[in-house]
Structures are given as C-alpha cells and as structure tokens.
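One structure below.
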Amino acid sequence: MKKRVMLLAAALLLTAGCARADTPQELRTQAREPWQETILAYGREIVLDVTAQMPDAAQVNVYRVRTISANGDEGDSPYYAQVQKRRGYAVRRKPEEPVPAAQIDRELYAYGSPVSAGEALDAVNAFLASLDVQGVSLDVQAMTVRSPCFLYDKRTGEWGNAVYDGEVGVYMFDVACTLDGVPVELSPFTWRDSRNDAFGEPEPVLPWYNLFMNVGGTYRWLRASVPSVVEVTARDVALCPLDDVRAQLRALAQEGLLRDVTGMRLSYVSFGYAQEREVCELRPVWVCPSEIYYSETSGPEDTGYEPWIQDVLIDAQTGEILQLRWAGDAQGNNRQPPRSAGMTEHDGC
C-alpha cells in the first residue's frame, strides 16, 4: 500500500511538472482566447483586453549568435533649408499608409523621385541578400512612401507645393528579422537580467540589432545590424503556459505598478556573456509593452508622458520577469524591487 501511495505521489508530481511545460502548438491554442480581466488595486480599475501574439513556429530553440553589420549607403545626404512659416499654414508631410510587400506597385514613383518603388525594392532585397547571415530570415514586410514637406492650409485643409527645394519622396521599408519563424527583437537599448541583479555592476554588453532601409532620389540609406547563428545550444525548449505570464503581469497590477497591457509577443531577445563580447545568446522571451510605473503612487504626471508605455520582459521558459523598464530613477531612489519582479536601470546604446 505504501509503495502504491509513493508511486501515485510520484505520478502526480510528474504530471504537475509536465503541465508547466508547453509546446508552441499548445501556446498557440492558449493564445486564441484574448486575456480579458478587470483588476481592482489601489483605488484603480484596470481593464485588460489583450491577445498574445504566438508565432507559427514548430519549435523554439536557444542560439549563440554573432552580429553581422553592414552599411550600403550611397549618395550624399540631402540638405534642406528651413522655410519661413506663414500665418495660417503648417509644414507637414502627407499621410501615407504602409503597403504590404506583396501589394507594392513597382511602377509607382514617389513625388519628384527618379527611382520607382520597384527599383527601390530591388535595391533593398539585393542589400539584404549580400549579408552573410546564417539561419536568420530577413524579409521585406511593407513599404511606406514618406512625402516631402508641403505647405498645408489649416483653414481650408488644402495642400500647397513642396516647400523644401529639391526634396523628393522617400521609400521606407519595414524588414522583419526572424529565426524559426519567431521575430528577433530589434532593440536600441541595453538591459539587465534582474534575476542575477547587483546594482553597481556594469550593464551587459548587448548588440543593437536594427534594419534601416530608406531609398530617396539620389541616395540610399541601407544599414543593418543583425544576428547570425553560430550554434544551437538547446533544441525544442519547453515553454511556460501563458497563464504564468499573465500571473506575473497581474501581480504587478495588484502591486499598483502596472495600469495597462497593450501587447504580448513571443520574441528572441539577446542575452550577453561577460567573458565573450563577440557573441551573445538568443532566448525566447515574452515582450509585453505595458503602462508601468516605479511606485504604486506615481503616474503620468511624474513622467511627463501620457501614458508611459514600457516593455516588461518575461522569460518564456520559466515565466520569471527579467526586466522592468522604469519611468523614474529607481536606483537613484534606492527603491527595492517589488515582490514579484526585479528592477533595472536603462541606458540607450
């Protein structure tokens, strides 16, 4: 009887442990239902309505990567003299909506440009193809045509002629960087893994991944800094359930720090090595843009912004918070991390 009880207990423990580890397919099923919840905390009613973005990936791995950087700029940067303002007029760019890559009109010519949209797209694709990246996909997702600056009559709503001499329309391309079908965060900041936090230690050296693809009339600004796979360090890693991610965000709301969640997306995020600066590691992380403050009493009036949206990073394997991007100088105030999360300070790259 005792043996049977021990076996039953072991089975229950094993079952509980397995329930904590989900596959990408299971997470996609969980992500179909939006997270809709109302939380009451510190006199606030926080209404959450957000749908997690789970990519269509067969498996999620952990990678060691090196950074590939390239600059394909051509032509001189144009210089425009500022025109004198006129009463009743504004200087504006005409609104444009991004066009999906498959719908780009190759025969389109931006205002005053000798280069067609098709020629600009070909230049971007040739530049991306020249990058010596391994395992990573770089694909044009959309194009936006940025107009020159025009005089805009605020009384009639009519547009005048272009006001900067020689300015032409610019093709701006949105390029996705993915690995296993999972987006890689293009990030202009460094951050600290708060689970191993020690204030006063140097920030980890992390790459600034970016893709900047603009084509004008006589110039091209084509710049990239992207990861390239060196090796796979862990294959088909188990992921925590979405409920664990939501629980961390819920705890922040109950502590009065979080006021809204505007998104949840699974991405690869860079982790640095203290001993190896030439490589870093990409691991799966839930990136959750949220309205979040460094104390339960602070608010938009303390930041000068309305609202203050920052990223909360949650380890997709363990469900632990890696980082909070705080609105205030939390370290300078010597404030201790909240019960549910670590605290970090940021510096731009």
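The values are calculated or read from the model by the stated rules, or taken from the named source; none is laboratory data. Since this is a predicted model, take the numbers as computed values, not measurements. A quick note on method: Cβ atoms are made from the backbone with ideal geometry, for glycine too, and the neighbour counts reach across all protein chains shown.
Annotations
- Of the candidates 70, 81, the single residue that is closer than 30 Å to residue 232 by Cβ and in contact (Cβ under 8 Å) with a residue 24 or more places away in the chain is 70.
To keep it simple, each residue is scored yes or no on (1) charged (D, E, K, R); (2) buried (at least 20 other Cβ atoms within 10 Å of the Cβ); (3) touching a Cys at 6+ places or on another chain (Cβ under 6 Å); (4) closer than 13 Å to residue 71 by Cα.
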{"residue": "212", "(1), (2), (3), (4)": "no, no, no, yes"}
{"residue": "222", "(1), (2), (3), (4)": "no, yes, no, yes"}
{"residue": "227", "(1), (2), (3), (4)": "no, yes, no, no"}
{"residue": "233", "(1), (2), (3), (4)": "no, no, no, no"}
{"residue": "236", "(1), (2), (3), (4)": "yes, no, no, no"}
{"residue": "241", "(1), (2), (3), (4)": "no, no, no, no"}
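- Within the range 114-157, if we keep just the residues that are among the aromatic types (Phe, Trp, Tyr) and touching a residue at least 60 places away in the same chain (Cβ under 8 Å), the residue that is farthest from residue 217 (Cα to Cα) turns out to be 152.
- The single condition from (1) among the hydrophobic types (A, V, I, L, M, F, W, C); (2) outside any loop (DSSP other than H, G, I, E, B); (3) closer than 30 Å to residue 240 by Cβ that residue 90 fails is (3).
- Qualifying residue in the range 327-347 (condition: surrounded by 14 or more Cβ atoms within 10 Å (Cβ to Cβ), in contact with a Lys or Arg (Cβ under 6 Å, 6 or more places away or on another chain) and at pLDDT 85 or above): no
- Hits in the range 83-109 (condition: in contact with a Phe, Trp or Tyr (Cβ under 8 Å, 6 or more places away or on another chain) and either at pLDDT 95 or above or not aliphatic (A, V, I, L, M) (or both)): 89, 92, 93, 94
Rundown of residues vs (1) modelled with pLDDT under 90; (2) in a helix (DSSP H, G or I); (3) out of contact with any helix residue (DSSP H, G or I) (no Cβ under 6 Å at 6 or more places or on another chain); (4) at positive phi, yes/no style:
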position	(1), (2), (3), (4)
123	no, yes, yes, no
134	no, no, yes, no
155	no, no, yes, no
166	yes, no, yes, yes
174	no, no, yes, no
183	no, no, yes, no
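- The residue that is farthest from residue 106 (Cα to Cα), among those in the range 140-168 that are over 35 Å from the mean Cα position of the chain (by Cα) and of a type in the set (S, T, N, Q), is 156.
- Taken over the range 100-117, residues that are buried (at least 16 other Cβ atoms within 10 Å of the Cβ) and assigned to a strand (DSSP E or B) amount to 2.
- Condition met for residue 267 (surrounded by fewer than 18 Cβ atoms within 10 Å (Cβ to Cβ) and either free of Cβ contacts under 8 Å to residues at least 60 places away in the same chain or not aliphatic (A, V, I, L, M) (or both)): no
- Pair list, Cβ under 6 Å, 6 or more apart: the range 286-297 residue modelled with pLDDT of 80 or more, other residue part of a strand (DSSP E or B) and among the polar types (S, T, N, Q): 287/267; 292/310
- Positions within the range 40-61 being part of a strand (DSSP E or B), buried (at least 18 other Cβ atoms within 10 Å of the Cβ) and β-branched (Val, Ile, Thr), in sequence order: 46, 50
- Residue match in the range 235-245 (condition: within 14 Å of residue 323 (Cα to Cα) and modelled with pLDDT of 95 or more): yes
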